[in-house]
1. Can you name the number of the only condition in (1) of a type in the set (S, T, N, Q); (2) at pLDDT below 90; (3) within 24 Å of residue 95 (Cα to Cα) that residue 80 fails?
2. Confirm whether residue 157 is of a type outside the set (Asp, Glu), at pLDDT 95 or above and over 23 Å from residue 77 (Cα atoms).
3. Which of the residues spanning region 108-129 are under 13 Å from residue 64 (Cβ atoms) and open to solvent by 60 Å² or more (accessible area, probe 1.4 Å)?
4. Only one of 101, 144 is open to solvent by 20 Å² or more (accessible area, probe 1.4 Å) and over 19 Å from the mean Cα position of the chain (by Cα). Can you tell me which?
5. I'd like to know if region 117-129 contains one or more residues that are at negative phi and in contact with a helix residue (DSSP H, G or I) (Cβ under 9 Å, 6 or more places away or on another chain).
6. Tell me, which strands (runs of 3 or more DSSP E) lie completely within region 60-168 with 2 or more residues that are in contact (Cβ under 8 Å) with a residue 40 or more places away in the chain and more than 26 Å from residue 28 (Cα to Cα)?
7. Return the residues of region 74-98 that are surrounded by 14 or more Cβ atoms within 10 Å (Cβ to Cβ) and within 22 Å of residue 21 (Cα to Cα); say none if nothing qualifies.
Amino acid sequence: SAGYDRRTYFNVFPTIPPRGALNALGVRYVIAAPHSAAGELVRVYDGADATIFENPAALPRAFTATPGATVAIGDYEANSETMTIRSQAPVRIATSEIALPGWRLTLNGERKPIVVLRNAFIGFEGPPGETRARLRYIPQGFEPGCWLFIVGLGALPALSRFNRIRAE
């Protein structure tokens with residue numbers, strides 16, 4: 001809905017997305033063409049090469065509205081992230097990760113269901129106490145593809161031998 005253009009190497013929006021989208025995605029800074037305008041965003045640099053805006057309302061990568069609860073991001077990698085959650089009561093965690101099929105959640109090593117928030121983002125329920133959460137993305141079809149590759153690799157010697165016998 002923000003007009004994302006995938007035809008270029010860099011992520012390009014023809015216009016700056018709405019502030020609500022930037023907040024939900026955790027976008028803190030936006031780089032725009034020189035001397036651009038961006039409504040409510042704070043201009044922090046304006047030069048001949050670019051304009052940089054800051055969005056101080058950007059949400060953290062993972063957060064909760066539960067009073068007294070905290071979420072601390074540990075490791076963050078291309079296809080996984082870990083966080084430590086501390087809460088006196090059950091807690092709902094919201095993230096800026098897009099809820100694509102293939103995300104898996106474990107809480108203290110036990111697999112748990114993911115909740116889709118705002119029809120787009122990953123969320124989940126956490127128990128009271130200290131919880132270690134891990135989100136991991138494995139695209140659908142990746143594991144079956146690996147197994148098929150292994151089976152095919154195992155079949156190569158048999159096929160090679162069969163071809164040699166046929167050639168004789």
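The values are calculated or read from the model by the stated rules, or taken from the named source; none is laboratory data. Just so it is clear, the model here is predicted, and its values are computed rather than measured. Note that each Cβ is placed from the backbone with ideal geometry, even for glycine, and that neighbours are counted across all protein chains shown. Note: areas computed on protein heavy atoms with side chains; ligands, DNA, RNA excluded. Shrake-Rupley method; radii C 1.70, N 1.55, O 1.52, S 1.80 Å.
1. Failing condition for residue 80: (2).
2. Spelling it out, it is not the case that residue 157 is of a type outside the set (Asp, Glu), at pLDDT 95 or above and over 23 Å from residue 77 (Cα atoms).
3. Result: 125, 128.
4. 144
5. If we filter region 117-129 for residues that are at negative phi, which is where we start, we get 117, 120-128.
From the residues that got through so far, the ones that are in contact with a helix residue (DSSP H, G or I) (Cβ under 9 Å, 6 or more places away or on another chain) too are 120-121.
Within region 117-129, one or more residues are at negative phi and in contact with a helix residue (DSSP H, G or I) (Cβ under 9 Å, 6 or more places away or on another chain).
6. Filter on region 60-168 gives 129-137.
7. Of everything in region 74-98, those that are surrounded by 14 or more Cβ atoms within 10 Å (Cβ to Cβ) and within 22 Å of residue 21 (Cα to Cα) turn out to be 81, 92, 93, 94, 95, 96, 97.
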